[in-house]
Amino acid sequence: FVGEIDGPPKSGVALGRSGHTGRVSPALVWFRRDLRLHDLPTLLSAADAAGSATAVFVLDDRLLRPGPRTTFLLRCLRALNDDLGGRLLVVRGDPVTVIPRLARDLGAGSVHVSADHAPYGSRRDHAVEDALGEVPLVRTGSPYAVSPGRVLKGDGSPYRVFTPFRKAWLEHGWRAPARTRASTVTWIDPDGIRGRASIPADEGSLEVALPPAGEAAARTRWRQFRDDALDRYDTDRDRPDLDGTSRLSPYLKFGCLHPRTLLHDLRDRSDPGATTLRSELCWRDFYADVLHHRPDTARRNFNGRFDDIRYDTGPDAERAFAAWQQGRTGFPIVDAGMRQLLAEGWMHNRVRMIVASFLTKDLHLPWWRGAQHFMDHLVDGDLASNQHGWQWTAGCGTDAAPYFRVFNPMTQGEKFDPAGDYVRRWVPELRGVPGKGVHRPPFGSSPGYPDPIVDHAHERRVALARYAEIGSR
Ligand code: FAD
């Protein structure tokens, strides 16, 4: 792929040729967060290196916790296997032992992946690389339009603020889509390969309404959104009552679709809808970049000043946390969001910000507890976007996000769910309350629906006082 600007495949060795015979050994294509066949540079690098390849996915128990995200992943794997004509080799185990063993068993001359920049993934890949010995691990591309670590300030340091990052990101640009499809590589039939597992059944979390899985579904959803809703995206994207966002996040999470494909489709558009979507995709790259430079921020405050903030603890705090998790806080927009999360494994972005602000600033609980709950339930759960979305809202993250910004759940609801439809959809106890009045139901008015568990005006003052305590230390 000539003309690429995101770095060439790491090479320099004659891949896949067995020294004495000159015969080309097969390659191994190891799928991870790139469960697609179109616009997948890894396939070009495998085709360059070898006449044929085995497609493999490793079921790594450290990553596969039961829940809707794993269910969605398993369905995406089934779709990929179908797209490969049943030739996906699925194996279970620790990739550090499984991949080198497979490479040996198959006589593979090279292993091809899209780079993983997340903390666990990059550590794992270095360990696999060591264990592979002579066989190169060839990293081509990444799940991002611009790979983490590539956009730097003039002095070589990473960006900490989004707007200048976006400017540099746009100037850097991204490569054209790779023209790949299933037939780019001659796939080896994996029948009889030692350790072959089947894709596990996923009935465990069928109570969550998941979107259709796989690359074809992702491409269909993108086309629908692009043709029907993108024109209004810049205005509708903040409205949880409308179907105004792309809902592509689960597909982007597992690479059923690459952001470069979307950006390429938008290349001739400078209308507000397209410009806003480009910017949102840049947030995804930005947070991956931040986590790449500061892997500690998966668990710790980006801004260490916040290490001293006081949180609530004890039985009342635990009861409040449980009410938040279950969508029973008595704040309708918060409860609607938390129930949408449990029912769909997804929540609208505006509402993610509202519920995150509520947990950290009205209930005075640590952001990482909320982030963990999100990761347990989100189908699009992604360490970089999630932890930094939380940190941004809590005020301890990147950007000049003002810590003193405390969302008022009632006015947020009235502004972004103006007729109250979103709340009534997710909180059946309030279906009898008409219009935007649903955001401030009178105390005790709706049987089965709790009264507010805190007084927002009071908690706002408490939050501001606690922030003042840490001051400019
Ligand atoms: P669209 O509005 O259609 O946006 C298109 C794509 O742009 C998204 O699919 C996503 O890939 C990217 N994007 C949009 N907004 C953001 C953003 N603020 N940060 C990073 N990428 C963005 N997104 C995740 O993908 N995984 C998460 O785990 C996640 N956790 C979040 C937690 C909090 C507290 C907050 C405030 C935001 C979080 N986000 C997360 C970002 C955002 O809410 C979702 O990406 C978005 O709601 C997904 O819906 P969509 O695909 O319809 O978005």
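The values are calculated or read from the model by the stated rules, or taken from the named source; none is laboratory data. Nothing here was measured: the structure is a model prediction, and the numbers come from that model. Note that each Cβ is placed from the backbone with ideal geometry, even for glycine, and that neighbours are counted across all protein chains shown.
A compact table of results
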read-out	value
Total residues in segment 442-455, condition surrounded by 16 or more Cβ atoms within 10 Å (Cβ to Cβ) and either touching a helix residue (DSSP H, G or I) at 6+ places or on another chain (Cβ under 6 Å) or without any contact (Cβ under 8 Å) to a residue 12 or more places away in the chain (or both)	4
Residue within segment 403-419 that is farther than 26 Å from T235 by Cβ, more than 10 Å from the ligand (Cβ to nearest atom), assigned to a helix (DSSP H, G or I) and basic (K, R) present	no
Residue check for D83: farther than 25 Å from D48 by Cβ and modelled with pLDDT of 95 or more	no
Number of positions in segment 204-242 that are part of a loop (DSSP other than H, G, I, E, B) and among the β-branched types (V, I, T)	1
Residues of segment 227-238 satisfying the condition of being within 11 Å of the ligand (Cβ to nearest atom) and basic (K, R)	R237
Index of the failed condition, L252 passing every other in (1) within 13 Å of the ligand (Cβ to nearest atom); (2) surrounded by fewer than 18 Cβ atoms within 10 Å (Cβ to Cβ); (3) under 24 Å from T398 (Cβ atoms); (4) not β-branched (V, I, T)	(2)
Flag for A201 being assigned to a loop (DSSP other than H, G, I, E, B), more than 9 Å from the ligand (Cβ to nearest atom), modelled with pLDDT under 95 and under 26 Å from L383 (Cβ atoms)	no
Among (1) in contact with a Lys or Arg (Cβ under 7 Å, 6 or more places away or on another chain); (2) aromatic (F, W, Y); (3) crowded, with 24+ Cβ neighbours inside 10 Å, the one test that W368 misses	(3)
Residue among T398, T393 that alone is within 13 Å of the ligand (Cβ to nearest atom) and not in a helix (DSSP H, G or I)	T398
Helices (runs of 4 or more DSSP H) wholly inside segment 309-390 that include at least 3 residues being within 24 Å of D417 (Cβ to Cβ), more than 10 Å from the ligand (Cβ to nearest atom) and at pLDDT 95 or above	315-326, 332-344
Answer from R460, R431, R424 - the residue that is basic (K, R) and farther than 19 Å from R352 by Cα	R431
Residue within segment 289-306 that is part of a helix (DSSP H, G or I), more than 15 Å from the chain's Cα centre (by Cα) and within 11 Å of the ligand (Cβ to nearest atom) present	no
Single condition G314 does not satisfy, out of (1) under 20 Å from the mean Cα position of the chain (by Cα); (2) without any contact (Cβ under 8 Å) to a residue 12 or more places away in the chain	(1)
Selection count, segment 263-299, where residues are within 18 Å of T245 (Cα to Cα) and among the basic types (K, R)	3
Residue ID - farthest from the ligand (Cβ to nearest atom), chosen from residues in segment 256-288 that are within 21 Å of D83 (Cα to Cα), in a loop (DSSP other than H, G, I, E, B) and out of contact with any Cys (no Cβ under 9 Å at 6 or more places or on another chain)	H258
Residue ID - modelled with the highest pLDDT, chosen from residues in segment 281-308 that are surrounded by fewer than 20 Cβ atoms within 10 Å (Cβ to Cβ) and among the small types (G, A, S)	A298
Selected residue (only one of D202, D189 is in contact (Cβ under 8 Å) with a residue 12 or more places away in the chain and within 22 Å of the chain's Cα centre (by Cα))	D202
Listing of strands (runs of 3 or more DSSP E) fully contained in segment 83-197 that carry 2 or more residues being out of contact with any Pro (no Cβ under 9 Å at 6 or more places or on another chain) and small (G, A, S)	none
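Here's the yes/no breakdown for (1) at pLDDT 95 or above; (2) assigned to a helix (DSSP H, G or I):
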| site | (1), (2) |
| --- | --- |
| K10 | no, no |
| H20 | no, no |
| R33 | yes, no |
| L43 | yes, yes |
| G51 | no, no |
| T54 | yes, no |
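Each row is one residue, and each column tells you yes or no for (1) in contact with a helix residue (DSSP H, G or I) (Cβ under 8 Å, 6 or more places away or on another chain); (2) loosely packed, with under 14 Cβ neighbours inside 10 Å; (3) modelled with pLDDT under 95; (4) of a type in the set (D, E).
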| site | (1), (2), (3), (4) |
| --- | --- |
| L137 | yes, no, no, no |
| T140 | yes, no, no, no |
| S147 | no, no, no, no |
| F165 | yes, no, no, no |
| G173 | no, yes, no, no |
| A178 | yes, no, no, no |
| A213 | yes, no, no, no |
